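The values are calculated or read from the model by the stated rules, or taken from the named source; none is laboratory data. This is a predicted model, so every value here is computed, not measured. Neighbour counts are summed over all protein chains in view; Cβ atoms, including those assigned to glycine, are modelled from backbone coordinates with ideal geometry. Note: areas computed on protein heavy atoms with side chains; ligands, DNA, RNA excluded. Shrake-Rupley method; radii C 1.70, N 1.55, O 1.52, S 1.80 Å.
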Amino acid sequence: WKEVLLRAPWLVGDEDTSMFVTNWQRPLLDQLIDGIEPPVDELHLTAPFFDADLAAVQSLIDRTAPRKIVLMLGQHASVEGAALLKVLRRSGIPFQIVGLDPNVFVHGKLVGLTFGTNGRVLSGSANLSSVALMRVASADPWANVEAGVIADVDADDVRRAFVPPPPPDGLPVVEQPLD
């Protein structure tokens, strides 16, 4: 992990505030929210693949009770839009759906939480699915072994992790229409 941080200085966190995790013995969602008391201020999400029933998103909402949800969707995200809107609206929590301009595929898989001036980010192989976030791989023959890093950072670092650099090197983030 230290070597990765040296080679990729753009990664959020350092070896003292982050840890390598897997779902081999314990669900990633449990590890992400360890020691965090709900409600959190913000829940930030992005992934290219979601459960058909959105169980992972619903569980993240239920277990963190965020005051605000920010979802970044890339082009061709595998999610049923009407079902996603239903989950978000049913929560009663203010939400924002954003994307990149131009709309491009986003392969990043991030979950971020802010609470006061603090934050936590999970980045790795896990999509926003119950198999990836809520199951123990060693106990479930259908579960992938997922791996990632959980970094304890400040709240602004969480927000920055979801925003690419500005042009000309990056792309602007824009609100997506709900239709």
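The set of residues from region 47-90 being in contact with an Asp or Glu (Cβ under 7 Å, 6 or more places away or on another chain) and more than 21 Å from VAL163 (Cα to Cα) comprises just one member, ALA52.
Residue check, GLY81 against (1) surrounded by 15 or more Cβ atoms within 10 Å (Cβ to Cβ); (2) free of Cβ contacts under 8 Å to residues at least 12 places away in the same chain, all met but one. Which one? So the condition that GLY81 fails would be (1). Exactly one residue out of LEU28, LEU43, LEU73, LEU32 is open to solvent by less than 20 Å² (accessible area, probe 1.4 Å) and either among the hydroxyl-bearing types (Ser, Thr, Tyr) or over 26 Å from ASP140 (Cα atoms) (or both): that is LEU43. Is region 86-98 home to any residue that is open to solvent by less than 40 Å² (accessible area, probe 1.4 Å), part of a strand (DSSP E or B) and in contact (Cβ under 8 Å) with a residue 12 or more places away in the chain? Yes, that holds for at least one residue. For region 142-170, taking the residues that are surrounded by fewer than 18 Cβ atoms within 10 Å (Cβ to Cβ) and of a type in the set (A, V, I, L, M, F, W, C), the one that is nearest to LEU32 (Cα to Cα) is identified as ALA147. Residues in region 80-96 that are in contact with a helix residue (DSSP H, G or I) (Cβ under 9 Å, 6 or more places away or on another chain) and aliphatic (A, V, I, L, M): LEU84, VAL87, LEU88, ILE93. Pairs meeting the criteria (first residue in region 46-62 and in a helix (DSSP H, G or I), second residue of a type in the set (S, T, N, Q) and buried (at least 22 other Cβ atoms within 10 Å of the Cβ), beta carbons under 6 Å, at least 6 apart or on different chains) are ALA56/SER129. I'd like to verify a number: residues in region 131-179 that are in a loop (DSSP other than H, G, I, E, B) and either under 30 Å from GLU80 (Cβ atoms) or of a type outside the set (D, E, K, R) (or both), how many? Counting residues in region 131-179 that are in a loop (DSSP other than H, G, I, E, B) and either under 30 Å from GLU80 (Cβ atoms) or of a type outside the set (D, E, K, R) (or both) gives 24.
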